[in-house]
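*Asks:* Would you mind keeping the following structure in view while I ask a few things?
The values are calculated or read from the model by the stated rules, or taken from the named source; none is laboratory data. Small disclaimer: the values here were computed from a predicted structure and weren't measured. Note: ideal-geometry Cβ built from the backbone for every residue, glycine included; neighbour counts use all protein chains shown.
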Amino acid sequence: MMPWVGLALFLFVGVAVVATGLPAAVILIVAASLGALIGFLSGQIPIELFTALSERLINLLENDLVQAIPLYVVMGALLNRLPLAEALYRAGLNILPRSPAAPVISGITLGALIGPMNGSVGASVLALSRTLAPRLGAFGIPLPRRAAVIAVASTLGVVVPPSLVLILLGDAMLSAHTIAVTTTGREDRVINTQDVFHGALAPAGIYLAACLLIGWWLNRKSRRSSTKNDAADIRLSPQQALLAFLALLAIVSLLGGVAAGYFYAVEAAAMGGFTLLVAGFVSGRLPLPVLNELLRDALAVTGALFFLLIAATTLTLVLRVLGTDVLVARWIAAIPGGPLAAVAVVLGTIWLSALVLDAFEIIFVVVPIVIPPLLIRVDDAIWVAVLVLLIVQASFLDPFIGYALMMTRTVLKESIAFFALVRSLLPYLLAQWALLVAVFLFPQLAHVGQSEADRSRKPPDVPREEIERRIDQMLAPPAESPQSGETPAK
């Protein structure tokens, strides 16, 4: 009976998020409290089990990857305050051949550059809307296409390492893979955040190339507005050229260094934040009142993310105490059709969750419950991580309630016909889902550049009966490693 209470709590969270409009963290805490109360009053769960929460939260906050959250939030706030996006966009227009599609191509490239440093899709939408919207309009790009370009460009930071979503997903996959390996007794190496970075590189590059090609094709015949508009001015001042060069050098060095394994993600975020802070002081763009406002905003966003992380961790503990994770594990073990069918069902579940939960809530709540039993059946954890990443990115562009689209329509403050927006977005959506299907059918895309020794190291097959027996023993997950598991590549 108790495991079904956990499923009811999941349903409660989904309905409450849509119906009440309250912050998701508040709803998660309410759901966890209800679950704990029901378990205690039923007499089936002793209250002492819930005392593990304090140790669980301490272990959570001791994780060094948690330091990346405030650093990325500060970086995103600084990017919104400094004229880096403007300088990079103008530089792109001056470098590209004079073409009607050049503004779109430069905008998509800008999203890929600053998206990983912005910390969230919402911050990317704000930065790109301010920079791109008036200029795309001045170059004759219709409003629905403008909105589609901004929304798509804002989600590129999800898949391009080292985005905050990638870092948190990598840490969640480390914990899930640890549970799976410990439960099955396999001897394969537990993946870390760096493995997820490497696995995402090829799919991210393919999707970026597809977006650039689609942007060029759809806008190759756009006509520049005949009226005089300062937003259509692409002249680049010497100061902007120098700023664009230094910004591009810093961004490529940081992103490339993390992806190649020369820097830890937290170290790169600290270096990027410090560099932007110094640039703001030197340029005079960060007087004390502006800096105070920026830090207040960063603290508010960081606090909201930490509150969400703590609330999600509390709910997952309650679900484990109720035995919901064991029930879900048995269901996943019983899915017919082999590993591919199991992966497809779990991805479908994550996609349905994305209709009411955002990326961080999915990583904090859904992934710890459904991914460990999946990795018991499927030995390729990097492939599964990349698929989860792609399905999360696709959720941001859902035509009905995708966060990137909703945020873009709100920020632009212009009425956009729904079907016109969907028509403009459809080619990008088709490319996104085609990539997802390709990675699903060809796991090698998540292992581009991996050494042959690592690729050939396969764990032994585990029969379904043995899986079910071991799941029955998995009443509680092993203690989470206090280390992030993030090891630079050598």
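*Asks:* Checking the condition within 21 Å of residue 399 (Cα to Cα) and of a type in the set (D, E, K, R), which residue from 189, 145, 130, 135 passes?
*Replies:* After ruling out the rest, the residue left standing is 145.
Okay, residues lined up against (1) among the aliphatic types (A, V, I, L, M); (2) free of Cβ contacts under 8 Å to residues at least 24 places away in the same chain; (3) in a helix (DSSP H, G or I); (4) farther than 30 Å from residue 110 by Cβ:
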residue: 3; (1), (2), (3), (4): no, no, yes, yes
residue: 9; (1), (2), (3), (4): yes, no, yes, yes
residue: 29; (1), (2), (3), (4): yes, no, yes, yes
residue: 41; (1), (2), (3), (4): yes, yes, yes, yes
residue: 54; (1), (2), (3), (4): no, yes, yes, yes
residue: 59; (1), (2), (3), (4): no, no, yes, yes
residue: 91; (1), (2), (3), (4): yes, no, yes, no
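*Asks:* Looking at the structure I just gave you, is residue 6 of a type outside the set (A, V, I, L, M, F, W, C) and either under 25 Å from the mean Cα position of the chain (by Cα) or closer than 14 Å to residue 365 by Cβ (or both)?
*Replies:* The answer is yes for residue 6.
*Asks:* At pLDDT 90 or above and under 27 Å from residue 302 (Cα atoms): which single residue out of 34, 22, 61 fits that description? Can you show your working first?
*Replies:* Numbers: 22 fails: at pLDDT 90 or above; 61 fails: at pLDDT 90 or above.
The unique qualifying residue is 34.
*Asks:* Restricting segment 131-158 to residues that are without any contact (Cβ under 8 Å) to a residue 60 or more places away in the chain and over 20 Å from the mean Cα position of the chain (by Cα), which is farthest from residue 362 (Cα to Cα)?
*Replies:* Checked segment 131-158; the qualifying residue farthest from residue 362 (Cα to Cα) is 136.
*Asks:* Looking at 295, 308, 327, 319 in this structure, which one is farther than 28 Å from residue 366 by Cβ and of a type in the set (A, V, I, L, M, F, W, C)?
*Replies:* Exactly one residue qualifies, and that residue is 295.
*Asks:* Hey, another quick one. Within segment 419-441, does at least one residue satisfy the condition of being surrounded by 15 or more Cβ atoms within 10 Å (Cβ to Cβ), at pLDDT below 90 and over 20 Å from residue 367 (Cα atoms)? Show your work before the answer.
*Replies:* The initial filter retains those residues of segment 419-441 that are surrounded by 15 or more Cβ atoms within 10 Å (Cβ to Cβ), namely 420-422, 424-425, 427-429, 431-432, 435-436, 439-440.
Restricting the remaining residues to those that are at pLDDT below 90 gives none.
No, segment 419-441 contains no residue that is surrounded by 15 or more Cβ atoms within 10 Å (Cβ to Cβ), at pLDDT below 90 and over 20 Å from residue 367 (Cα atoms).
*Asks:* I've got another one for you. Can you give me the number of residues within segment 419-451 that are closer than 25 Å to residue 388 by Cα and either in a helix (DSSP H, G or I) or of a type in the set (Asp, Glu) (or both)?
*Replies:* Total satisfying the criteria: 23.
*Asks:* Can you tell me which residue is surrounded by the most Cβ atoms within 10 Å (Cβ to Cβ) among those in segment 387-418 that are assigned to a helix (DSSP H, G or I) and without any contact (Cβ under 8 Å) to a residue 24 or more places away in the chain?
*Replies:* Out of the qualifying residues, it is 406.
*Asks:* Another question, then. Can we say residue 83 is modelled with pLDDT under 85, closer than 30 Å to residue 306 by Cα and either of a type in the set (Asp, Glu) or surrounded by fewer than 23 Cβ atoms within 10 Å (Cβ to Cβ) (or both)?
*Replies:* Yes: the conditions hold for residue 83.
*Asks:* Within segment 313-320, is there a residue that is surrounded by fewer than 22 Cβ atoms within 10 Å (Cβ to Cβ), charged (D, E, K, R) and outside any helix (DSSP H, G or I)?
*Replies:* Within segment 313-320, none of the residues are surrounded by fewer than 22 Cβ atoms within 10 Å (Cβ to Cβ), charged (D, E, K, R) and outside any helix (DSSP H, G or I).
*Asks:* Scan segment 16-25 for residues that are in contact (Cβ under 8 Å) with a residue 24 or more places away in the chain, surrounded by fewer than 15 Cβ atoms within 10 Å (Cβ to Cβ) and in a helix (DSSP H, G or I) and jot them down.
*Replies:* 18
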